[in-house]
Amino acid sequence: MRKLLKQERRKMTKKLAGILVALTILASFSGCGKEEEDPYSSPSFTDGKVSTASEGEATSTDASLTDALMIASYSDATRSDASMTDAIPASLTDALPMGVYNKNTYFNGLAEFKIKVDGDRWKFLDAVEVASATGATEDYVNNLWYGYKSPYEEDTTYAAIVSNSLSGSTIIVSYVNPSSYMMPDYSAKEYLSMAAKKYDNVSVRTVKFLGQQYECLDIPKDQNEIGRRTQFAIKQDGMIVLITFTMIDDTTLEEAVSLMTPLYY
């Protein structure tokens, strides 16, 4: 039994590693100078100039994305699940930029949302697991999470990672700091628009998500070797907050989004 659990854990770790490698490369603002880049490569920047993708007309929204957005538009007051009315911890008033964990709930004060998991099917990765997955140290992750180190001193940081214990699907909350690349005015829409250039027939659209205006990039699973990837981005206090859903096997975007609600209501 233990051997089987270890094998399953290794499989999950490999999936998560693949997802994080893709996001890490995507989040890198430094162009490598290649004319042709793999599907996960970041946009190229030359002399600080950004070449944005042409948006054109937004394509018709995928039905499951529509359903997910509808779920995300519900406020806590409309939710029948009493567990969603958890009190916001007092420590959140300390404005820790990376957010606050309280048992099975993560509170993000920067973008004003929260994620609540059951601790069984969906779980938060702890500092040790996030460090292992991102190639960092446990101390580095804890220093970020507890406010001893600022994400404004870094390029890309990870505030929360949620994993589905059955499929390996993930929800990743990460921060991209444009100022670290001397591009403080770079917007969430520009960021996702550059990423969209790597795929066929996809475009960034502005949507209502968790009670706020987000930019959204939805990559179908036939263009992403790991699974369907849907990214929501918003710029708050100079930081691009990126929420990335990677859905594997039969896990749906609607299920993952249902774990999230606006922070205040």
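The values are calculated or read from the model by the stated rules, or taken from the named source; none is laboratory data. On a predicted model such as this, the values are computed, not experimentally measured, just so you know. Positions of Cβ are backbone-derived with ideal geometry, glycine not excepted, and every protein chain shown enters the neighbour counts. These accessible areas exclude ligands, DNA and RNA; they are computed on the full protein's heavy atoms, side chains included. Shrake-Rupley method; radii C 1.70, N 1.55, O 1.52, S 1.80 Å.
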Filter pass, Ile226 being of a type in the set (Val, Ile, Thr), part of a loop (DSSP other than H, G, I, E, B) and either in contact with a Phe, Trp or Tyr (Cβ under 7 Å, 6 or more places away or on another chain) or open to solvent by less than 50 Å² (accessible area, probe 1.4 Å) (or both): yes
Criterion violated by Lys123 - all others in (1) in contact (Cβ under 8 Å) with a residue 60 or more places away in the chain; (2) open to solvent by 10 Å² or more (accessible area, probe 1.4 Å) satisfied: (1)
Candidate set: region 155-203, residues that are in contact with a Phe, Trp or Tyr (Cβ under 8 Å, 6 or more places away or on another chain) and among the charged types (D, E, K, R); chosen: the one nearest to Lys123 (Cα to Cα): Asp155
Filter pass, Leu217 being assigned to a strand (DSSP E or B), crowded, with 19+ Cβ neighbours inside 10 Å and hydrophobic (A, V, I, L, M, F, W, C): yes
All positions within region 170-191 that are farther than 24 Å from Thr206 by Cα and among the small types (Gly, Ala, Ser): Ser180
Residue, farthest from Glu254 (Cα to Cα), within region 172-211, restricted to residues that are among the polar types (S, T, N, Q) and open to solvent by less than 40 Å² (accessible area, probe 1.4 Å): Asn177
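Yes or no, residue by residue, for (1) free of Cβ contacts under 8 Å to residues at least 40 places away in the same chain; (2) surrounded by fewer than 16 Cβ atoms within 10 Å (Cβ to Cβ); (3) over 27 Å from Asp250 (Cβ atoms):
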residue	(1), (2), (3)
Ile115	no, no, no
Gly119	yes, yes, no
Ala127	yes, no, yes
Glu153	yes, yes, yes
Thr156	no, no, yes
Ala160	no, no, no
Asn164	no, no, no
Thr170	no, no, no
Where a residue in region 243-265 is over 21 Å from Leu192 (Cβ atoms) and of a type in the set (Phe, Trp, Tyr) and its partner, wherever it lies, is assigned to a helix (DSSP H, G or I) and open to solvent by 10 Å² or more (accessible area, probe 1.4 Å), with Cβ under 8 Å and at least six apart: Tyr265/Ala77
Within region 176-204, tally of residues that are of a type in the set (S, T, N, Q), assigned to a loop (DSSP other than H, G, I, E, B) and in contact (Cβ under 8 Å) with a residue 60 or more places away in the chain: 3
